[in-house]
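Chemist: Take a look at the following structure, please.
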Amino acid sequence: MEKLQQLYEGKAKKVYATADENLYIVSYKDDATAFNGLKKGTIAGKGVINNRMSNMLMQMLEQHGVPTHFVRELSDRETLVKKVSIVPLEVIIRNISAGSFAKRYGVEEGIVFDAPTIEFSYKNDDLGDPLLNRYHALALKLATPEEIDTIERYAFKVNEVLKAYFLDLNITLVDFKLEFGRLPDGTIVLADEISPDTCRFWDKDTGEKLDKDRFRRDLGGVEDAYQEVMRRLTGKQGNRPTNRRE
Ligand code: TMP
Ligand code: ASP
């Protein structure tokens, strides 16, 4: 399957048409932005890591009953996905206070919640992705009540599965952002990516940040952090290079 015309270029990915009208190719870039594009940079090797990590996690989520856009990994940076129209909601699940939650409510980072929280923001760069609730999303006709129910159910399921999975890698899943899409028949599936760009990962023992916060907050060691998460993931899968001498 090869790339035809480019349909879209986002901050971290490009999307291409294919000869099959129901399939797209996404291509992951090393470009990184933060604060709605105000901060720009490059994270060497990020595209390769995010592509592979996202694909591994989506395949695992499928096995746990969460449908996704994933079809097949084509190369280091490129993946064949089902064509979806993205529901313009960023769906954020939090297990521990951090980032905009800590700032908004004036609390420290690191408070472990009794139960995960969910919040939505309106995916709209011009408006800076404003926070909204279910009623606002319905008023703006961003999704139907049934779609929002499905999205919430899948999002909490993703949290359950990923939290346990990362714990096994000695990583605390602090929070993450998901995006969902509609297939041509209206079915809701998980889309976009799941990566250190879209999740907060803290080392369980040291609390060290292993995600894009290293870039957002100029903490250094950005590339190393992405590689460390990938190393733990592939170690678990037994996907070590086959030509490696023991
Ligand atoms: P926040 O605390 O800044 O709201 O971020 C919550 C989670 O969402 C965090 O894991 C990072 C992720 N995220 C994105 O994937 N894209 C974004 O544009 C933002 C602001 C956050
Ligand atoms: N990628 C997002 C942006 O540029 C923000 C982020 O992930 O912090 O706005």
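Chemist: Given the residues 236, 157, 212, which is the only one that is of a type in the set (D, E, K, R), within 16 Å of ligand 2 (Cβ to nearest atom) and in contact (Cβ under 8 Å) with a residue 40 or more places away in the chain?
Modeler: 212
Chemist: Of the residues in region 87-106, how many are closer than 17 Å to residue 213 by Cβ, assigned to a loop (DSSP other than H, G, I, E, B) and of a type in the set (A, V, I, L, M, F, W, C)?
Modeler: So the count comes out to 1.
Chemist: Scan region 20-46 residue by residue and report those that are of a type in the set (Phe, Trp, Tyr), surrounded by 14 or more Cβ atoms within 10 Å (Cβ to Cβ) and within 16 Å of ligand 1 (Cβ to nearest atom).
Modeler: If the condition is that a residue be of a type in the set (Phe, Trp, Tyr), surrounded by 14 or more Cβ atoms within 10 Å (Cβ to Cβ) and within 16 Å of ligand 1 (Cβ to nearest atom), then 28 is the only one that fits.
Chemist: Then there's this: Of all residues being surrounded by 13 or more Cβ atoms within 10 Å (Cβ to Cβ) and without any contact (Cβ under 8 Å) to a residue 60 or more places away in the chain in region 10-19, which is nearest to ligand 2 (Cβ to nearest atom)? Just the residue, please.
Modeler: 11
Chemist: State the number of residues belonging to region 199-211 that are on the phi < 0 side of the Ramachandran plot and either surrounded by fewer than 21 Cβ atoms within 10 Å (Cβ to Cβ) or charged (D, E, K, R) (or both).
Modeler: 8
Chemist: Further question on the same structure: Which pairs turn up if I take residues in region 31-43 that are on the phi > 0 side of the Ramachandran plot and look for partners that are part of a loop (DSSP other than H, G, I, E, B) and within 11 Å of ligand 1 (Cβ to nearest atom) with beta carbon separation below 8 Å, at least 6 apart in sequence or on another chain?
Modeler: 36/128; 36/129; 37/11
Chemist: Answer with yes or no whether residue 235 is out of contact with any Ser or Thr (no Cβ under 8 Å at 6 or more places or on another chain), assigned to a helix (DSSP H, G or I) and either loosely packed, with under 14 Cβ neighbours inside 10 Å or modelled with pLDDT under 95 (or both).
Modeler: Taking the combined requirement at face value, the residue satisfies it.
Chemist: Only one residue in 214, 182 is surrounded by fewer than 21 Cβ atoms within 10 Å (Cβ to Cβ), within 30 Å of residue 87 (Cβ to Cβ), within 16 Å of ligand 1 (Cβ to nearest atom) and at pLDDT 95 or above, so which one is that?
Modeler: Going through 214, 182 in turn, just one is surrounded by fewer than 21 Cβ atoms within 10 Å (Cβ to Cβ), within 30 Å of residue 87 (Cβ to Cβ), within 16 Å of ligand 1 (Cβ to nearest atom) and at pLDDT 95 or above: 214.
Chemist: Report, by residue number, each residue of region 15-55 that is under 15 Å from the mean Cα position of the chain (by Cα), part of a strand (DSSP E or B) and not polar (S, T, N, Q).
Modeler: 26, 28, 32, 34
Chemist: Which condition from (1) within 16 Å of ligand 1 (Cβ to nearest atom); (2) buried (at least 20 other Cβ atoms within 10 Å of the Cβ); (3) among the hydrophobic types (A, V, I, L, M, F, W, C); (4) assigned to a loop (DSSP other than H, G, I, E, B) is the one that residue 173 breaks?
Modeler: Evaluating residue 173 over (1) within 16 Å of ligand 1 (Cβ to nearest atom); (2) buried (at least 20 other Cβ atoms within 10 Å of the Cβ); (3) among the hydrophobic types (A, V, I, L, M, F, W, C); (4) assigned to a loop (DSSP other than H, G, I, E, B) leaves (4) as the failure.
Chemist: Follow-up question, since we're still on this one. Look through 127, 138, 142 and report the one residue that is more than 17 Å from the chain's Cα centre (by Cα) and exposed (fewer than 14 other Cβ atoms within 10 Å of the Cβ).
Modeler: Selected residue: 127, the only one of 127, 138, 142 that is more than 17 Å from the chain's Cα centre (by Cα) and exposed (fewer than 14 other Cβ atoms within 10 Å of the Cβ).
Chemist: A follow-up question, please. Quick check on this structure: which one of 131, 138 is within 16 Å of ligand 2 (Cβ to nearest atom) and of a type in the set (A, V, I, L, M, F, W, C)?
Modeler: 131
The values are calculated or read from the model by the stated rules, or taken from the named source; none is laboratory data. Remember, it's a predicted structure, so these values are computed and weren't measured experimentally. Note: ideal-geometry Cβ built from the backbone for every residue, glycine included; neighbour counts use all protein chains shown.
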